[in-house]
Amino acid sequence: RYWRDWSSDVCSSDLMKYFRNMLNLSRFRLQDFRNLKPLIGDTWIQFQTKEVEIIEQILNIGIKQNIFFIENPNEVAQLFLDILKGLRKNELHEKELFYLNEDEYSGLVTRTFEFVKIFIKGLKNKEN
């Protein structure tokens, strides 16, 4: 598959709706979420580990198909997810509630898609 297909998968409306549902699940106050995080620590770590595994699998497919040139797919997957996390945190940093309205959500989707396009272009094999 080509990188555009992959970027579409990463930014798919289903994936972003899932993120939004998670984000808006109960409209936590950010401080409540921070207090809850230690209680769900193991689950949180398992979720993050699974995210890295999925992105790494996608990157490995791109390497095998000679689309991407990546020396360490695990490091690249972690970097990718860290940057996405930064985009989400940036959108939420001034908020009291863990909630995005339609405009904020739409802006986040747009920035995420633009980031994925730039990131994937940087991974592409120079021959492609």
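The values are calculated or read from the model by the stated rules, or taken from the named source; none is laboratory data. Predicted model, so just to flag it, every value in this text is computed and none were measured. Cβ placement follows ideal geometry from the backbone for every residue including glycine, while neighbour counts extend to all protein chains displayed. These area figures cover heavy atoms from the full protein model, side chains too; ligands, DNA and RNA do not enter into them. Shrake-Rupley method; radii C 1.70, N 1.55, O 1.52, S 1.80 Å.
Of note:
- Scan of segment 77-95 for residues that are closer than 23 Å to residue 57 by Cβ and open to solvent by less than 30 Å² (accessible area, probe 1.4 Å), ordered by number: 77, 80, 81, 84
- Single condition residue 113 does not satisfy, out of (1) open to solvent by 90 Å² or more (accessible area, probe 1.4 Å); (2) more than 30 Å from residue 35 (Cα to Cα): (1)
- The residues of segment 50-68 that are assigned to a helix (DSSP H, G or I), touching a residue at least 60 places away in the same chain (Cβ under 8 Å) and surrounded by fewer than 16 Cβ atoms within 10 Å (Cβ to Cβ) amount to a single one, 61.
- Index of the failed condition, residue 62 passing every other in (1) out of contact with any Phe, Trp or Tyr (no Cβ under 9 Å at 6 or more places or on another chain); (2) modelled with pLDDT of 85 or more: (1)
- Residue 47 aromatic (Phe, Trp, Tyr), modelled with pLDDT of 60 or more, loosely packed, with under 15 Cβ neighbours inside 10 Å and closer than 26 Å to residue 125 by Cα: no
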